[in-house]
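Below is one structure, written out as structure tokens, with a few remarks after it.
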Amino acid sequence: MILATRTVYWNIEHEYILYLIFIAAVAVFAYGLWQRVRTWFVGMPEVRWDLVRDRLRQAWRHAALQRRLSQNRVAGVFHLWLSWGFFILFLGTVVVMIHEDLRIRIMQGPFYLWFQSLVLDIAGLLALVGAVIAWVRRGVFKPRALSKVAETKAPLDDWVYLLHIVLILWTGFWVEGIRLVATDDPWAAWSPVGLAHGRLLASFMSLEAMLVLHRILWWFHMVISFGFIALMPYTKMIHILTGPANIFLSDLRPAGIMAATDLEAENPVLGAATLWDFRWKDLADLDACTECGRCQENCPAFLTGKPLNPKKLILDLQRHLHEQGPLLALAAMKGERPAEQPFESQLVGSVVQPDEIWACTTCRACMEVCPVFIEHVPKIVEMRRHQVMLQGEFPAELNQTFKNLERQGNPWGMGAHTRTAWTEGLNVPLLADKPDAEYLFWPGCAGAFDQRGQKIVRAIVHLLDQAGVSYAILGPEEKCTGDAARRAGNELLFQQLAMENIATLQGYGVKKIITHCPHCFHTFDKDYRAMGLDVEVVHHTQLLARLVKEGRLKPVKEVAATVTYHDSCYLGRYGGEYGAPRELLTALPGVELREMERHGPTAMCCGAGGAQMWMEEHHGTRINLERTRQALATGATTIATNCPFCMTMLSDGVAAQENSDQLRVLDLAELLLEAVGTGGGPEAAATVAPSGEKE
């Protein structure tokens with residue numbers, strides 16, 4: 001019985017030349033890859049290879065299955081075809097090497113028919129179709145996400161790469177087809193795509209001509225295939241390797257944990273002034289970028305005409321790394337200090353403009369959609385840190401905010417003795433008087449000093465009392481958690497506030513905290529925990545949803561409202577909480593929930609994060625107006641929020657619309673209080689009034 005197989009070098013002479021080409025290609029590839037990798041380690045050390053099992057799981061989900069790419073169905077499907085098709089063809093090449101060079105005869109029998117013939121043909125066809133669709137998408141449809149960014153790449157290189165890929169795949173089919181027809185291969189039907197190519201040529205070419213063409217195409221196919229490998233480290237196609245590697249090395253910590261600066265070190269690194277000041281993974285990020293543009297298409301700053309384009313920012317840093325990286329790597333090998341390198345320019349003002357980093361809302365929308373897990377926001381905050389703590393250069397509006405935080409412990413600049421003014425007429429105990437309270441309720445600065453925020457925390461208190469929750473507040477002892485200071489780059493001020501708050505909380509032995517503000521929620525749960533505070537933190541929407549589920553709060557009164565829910569960035573993308581707020585809404589009688597187009601993980605920021613609450617927008621459209629338009633497009637009459645800053649921004653957005661008196665912006669606690677029907681008074685259903693300009 002004859003086993004199905006084929007002759008590897010059929011119709012080919014001097015095949016030893018192929019091995020010389022292979023060795024040369026691998027050498028060029030290895031040199032280029034080494035040049036890339038050594039520039040990454042110019043950055044500061046960081047451990048990113050722990051938790052191997054979790055990292056492999058992450059790589060499987062997002063590198064192999066490409067879950068983030070699949071969110072865009074068309075682009076996701078054709079990229080999956082292209083990448084998996086190429087990978088399977090690579091495995092087929094490995095099989096040939098094992099069979100021919102190691103003399104382990106595995107390329108025969110059923111395995112040859114099913115895998116080496118049928119599967120490889122299908123894989124090649126899918127990859128070819130994927131490459132052609134990518135070509136058409138760029139040439140015909142021209143989505144904005146794929147638009148060229150100035151000074152980052154040659155105008156035709158995407159076309160060159162795709163043409164290169166198409167030629168590799170297509171010549172492979174022609175070579176296979178000629179062999180199948182010329183040898184009258186008895187198993188040709190197992191390679192239907194190649195056979196179709198061969199029969200097409202046989203319809204108008206002689207056997208002799210086909211044999212000559214086969215040799216030409218075979219060598220051409222091999223040269224361009226090895227050429228692709230050799231050139232990979234020198235082009236954007238390096239993302240084939242750096243993309244999966246970057247996913248494997250991604251930050252597995254809870255979202256939003258920032259690197260703390262050791263301010264007591266002999267020579268503390270105060271933010272990123274140059275490439276030296278980034279961590280090595282920050283630099284590796286730059287070479288993982290695929291230029292897909294998903295970050296820019298989800299960035300609220302870019303979408304509203306601000307100077308920041310996260311794609312451009314990464315590519316500008318990448319270009320700078322490629323220009324300066326080899327020199328820095330050489331200097332590092334010599335043991336020279338960064339300060340001794342005159343060729344290394346400051347990042348802000350040279351590579352990245354100040355307006356770019358100060359336009360960021362730190363919403364993480366860019367990071368949420370990046371298919372290769374590039375970490376944009378930490379880089380921006382590191383550059384802000386340098387500008388604030390060393391250069392003293394930051395938006396003028398922040399000057400007063402920093403002073404207020406330093407002197408009064410809150411960004412409003414109000415005296416600590418007024419922190420309990422919102423409790424007037426309510427029986428809200430102080431922790432000093434009720435040290436055995438189960439929860440510390442943290443109304444935050446907005447709940448204490450903002451008139452709209454005060455109404456919300458009063459509604460929360462009514463609900464806590466109704467459910468019989470044991471709680472107390474710090475009152476005058478409470479200080480701002482420092483979120484705005486940290487996101488604005490003032491790490492020194494943040495750490496001062498954090499240590500004071502942690503000392504107070506530990507002094508009382510606090511174990512559980514209810515927060516009104518998602519920013520406080522994140523700061524306690526992530527930032528303070530990293531600094532040694534061990535507490536259970538719950539956002540008010542999470543607790544209220546639990547109380548409703550347990551039957552301790554009974555929403556029985558019909559609210560009769562068409563509601564659209566705005567996901568705040570710091571409860572959603574940072575906190576991972578999307579379910580509890582919606583559980584609350586669906587539990588309210590008479591409420592019809594209408595989701596915005598951008599909701600859940602892809603929800604658009606209100607524009608207040610990253611200390612933007614305390615700055616003015618000087619470029620483009622105001623972000624809150626754009627988000628308000630998205631909310632109104634649902635036809636809802638009520639916008640529900642869970643964040644005092646979102647409340648301010650969306651209230652201002654609604655006030656700028658026609659018929660604003662017919663629209664409401666309410667916190668979820670206020671909606672629940674309406675449904676519970678207890679003595680919340682008119683506060684619980686307050687209609688929106690303009691809240692004025694941002695403070």
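Read the figures in this text as sums done on the coordinates, not as results from a lab. None of these values were measured; they are calculated from a predicted model. Glycine gets a Cβ as well: all are built from the backbone with ideal geometry, and neighbour counts include every protein chain shown.
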### Query
Given the pairs 281/334; 479/554; 236/379; 434/479, which span a C-alpha to C-alpha distance of over 25 angstrom in this model?
479/554
### Query
Around residue 44, with a cut-off of 10 angstrom between Cβ atoms, what is the net charge of the other residues, counting Lys and Arg +1 and Asp and Glu -1?
-1
### Query
Pulled fully out, how much extra length does the chain show between residue 213 and residue 145, if you take 0.36 nm times their separation in residues and subtract their Cα-Cα distance?
20.4 nm
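Translational diffusion coefficient of the chain at 25 °C, 0.890 mPa s, Stokes-Einstein with Kirkwood Rh over Cα pairs, in µm²/s as a whole number. Intermediate results must be reported in sequence, preceding the final value.
Numbers: Rh = 28.5 Å.
Stokes-Einstein gives a translational diffusion coefficient of 86 µm²/s.
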### Query
Viscosity 1.002 mPa s, temperature 20 °C: Stokes-Einstein D of segment 275-392 from its Kirkwood Cα radius, in µm² per second?
144 µm²/s
### Message
Quick check on the chain: helices-only [θ] at 222 nm, where DSSP H runs of length 4 and up contribute -39,500 (n - 2.57) each and the sum goes over total residues. Nearest 500, please.
### Response
-14500 deg cm²/dmol
### Task
Note down the nm distance, to one decimal, between modelled labels 7 Å out along Cα→Cβ at residue 319 and at residue 399.
3.3 nm
### Task
Starting from the Cα of residue 390, step 7 Å toward the Cβ, then list every residue of segment 33-64 with an amide N under 15 Å from that point.
43-44
### Message
What does the net charge come to around residue 555 if you take all other residues with beta carbon closer than 12 Å to its beta carbon, with K and R at +1 and D and E at -1?
### Response
+1
### Message
To test your reading of the geometry: what angle, between 0 and 90 degrees and rounded to tens, separates the Cα axis of helix 451-467 from the longest principal axis of the chain?
### Response
90 degrees
### Query
Ordered by packing density, taken as the mean number of other Cβ atoms within 10 Å over each peptide's residues, highest first, how do 641-647, 308-314, 35-41 rank?
641-647, 308-314, 35-41
### Query
What does the charge dipole of segment 275-392 about its Cα centre add up to, to the nearest 20 debye, if the Cβ of each Lys and Arg holds +1 and the Cβ of each Asp and Glu holds -1?
200 debye
### Task
Only Lys, Arg, Asp and Glu count, each charged at its Cβ (+1, +1, -1, -1), so figure out the dipole size of segment 16-248 about its Cα centre, rounded to 20 debye.
980 debye
### Task
Using Cα positions and a limit of under 30 Å, work out the lysines in reach of residue 557, with same-chain residues fewer than 8 apart set aside.
455, 549
### Task
Give the order of 7, 242 when sorted by the count of other beta carbons within 10 angstrom, beginning with the fewest.
7, 242
### Query
Taking the mean number of other Cβ atoms within 10 Å as a proxy for protection, how do you rank 573-581, 537-545 from highest to lowest?
537-545, 573-581
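For a Förster distance of 45 Å, can you work out the FRET efficiency between the beta-carbons of residue 18 and residue 77, rounded to the nearest 0.05? Display every interim value, and only then the final one.
Details: r = 34 Å, r/R0 = 0.77.
Calculated value: 0.85.
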### Query
Farthest toward the dipole's positive end in the chain, which of 396, 217, 295, given Cβ charges of +1 (Lys, Arg) and -1 (Asp, Glu) about the Cα centre?
217
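Kirkwood Rh, Cα Rg: Rg to Rh for segment 345-476?
Numbers: Rg = 20.1 Å, Rh = 18.0 Å.
Taking Rg over the Kirkwood Rh, I get 1.12.
Which order do the peptides 80-89, 364-373 take when ranked by the mean count of other beta-carbon atoms within 10 Å per residue, highest first?
Working: 80-89: 19.1, 364-373: 23.8.
Most protected by this proxy first, the peptides run 364-373, 80-89.
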#### Entry: Distance (nanometres) between label positions extended 7 Å along Cα→Cβ at residue 619 and residue 262
3.7 nm
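Only Lys, Arg, Asp and Glu count, each charged at its Cβ (+1, +1, -1, -1), so figure out the dipole size of the chain about its Cα centre, rounded to 20 debye.
Details: 65 positive and 73 negative charges, 295 e Å.
The dipole of the chain has a size of about 1420 debye.
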### Query
With Cβ to Cβ distances under 10 Å as the rule, what net charge do the other residues near residue 299 carry (K, R +1; D, E -1)?
+2
### Message
Which residues does the label zone of residue 346 cover in segment 365-400, counting backbone N under 14 Å from a point 7 Å along Cα→Cβ?
### Response
383-395
### Query
Taking the Cα centre of the chain as the origin and placing charges on Cβ (Lys, Arg +1; Asp, Glu -1), which of 256, 198, 675 is farthest toward the positive end of the dipole?
198
